[in-house]
Amino acid sequence: MTQSGDSYETFFPAEAGIIADPYLYFQGDTWDTVLGFAVAAMPEEINGFGIVSLRDDKVWVDEILILAQQVSAIHASPDPVEIGNLMARMIEQGLDPARLLKLKWHSHVAMSVSPSVLDLETIEKSSGDWVISLIVNVHGEYSARLDVLKPYRLHPMPLEIRVVRTLPTDIADFCQREVAAKLTRSGWFRRRKSVQPHTNRTVISPAVDIVEPGKAE
Ligand SMILES: [Zn+2]
């Protein structure tokens, strides 16, 4: 394997067979962007890409984007010319275009997020050594999977999404005040000097929140 970061072995060097951590990590804003696109495109489907990277042995989705595309209520596919243009722009900016096509996502509007027969065919026709496929709907449901295509076709691996959020300062402060005022801690914890107040505002949650519930049909 000589290409830059494209091969499964290069991207997942620790395992070179199957990733140890079957999660796909998003910052809250990035995940909300996927769902926001799905809601905005209603009642049509929409599809797009995600730029992924491996950090701390975790697969992160760093950026979500869409290209010009033809859409209907049951199908959406990007314009191949637009894909070519985007890849050219990435190369100009010194980015590796191979990273772009590693996450493909689309919405099923308000329907089930199980892959359709066409979705499965699309995965098999993917270029590159591996691809992550994500399907969402406007209820905030999703299905995600990793397909390793080369050098060997491996059984698809289901991926669970983890959304890393930072609590807004005002909510975090409110909760801290309420807890300080209303909780009487047991003696063991009170005496235990090594337990520090929890100040980290990062929250990791499964992606099951409903977006724009009034708009779902
Ligand atoms: Zn589909």
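Only the coordinates and a few stated rules stand behind these numbers; no lab work does. Computed from a predicted structure; not experimentally measured. Every residue, glycine among them, receives a Cβ derived from its backbone with ideal geometry; neighbour counts consider all protein chains shown.
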*Using the alpha-carbon centroid of each, what span in Å lies between the range 30-65 and the range 69-125?*
11
*What nm distance separates the two modelled labels at ARG89 and LYS182, each placed 7 Å from Cα along Cα→Cβ?*
4.9
*So what is Rg over Rh here for the range 34-78, counting just Cα atoms and using Kirkwood for Rh?*
1.10
_On a full-extension model of 0.36 nm per residue, what is the gain between TYR152 and ASP173, subtracting their alpha-carbon distance, rounded to one decimal in nm?_
2.4 nm
*log10 I(q)/I(0), Debye, Cα-only the range 40-170, no solvent, q = 0.12, 0.20 Å⁻¹?*
-0.50, -1.34
_5 Å is the cut-off here: which amide hydrogens, built 1.01 Å from N in the peptide plane, fall below it relative to THR166, excluding neighbours closer than 5 in sequence?_
GLY28, VAL203
*In whole Hz, what ³J(HN,Hα) sequence does the range 152-157 give by Karplus (6.51, -1.76, 1.60; θ = phi - 60°), x for Gly and Pro?*
10, 6, 9, 4, x, 10
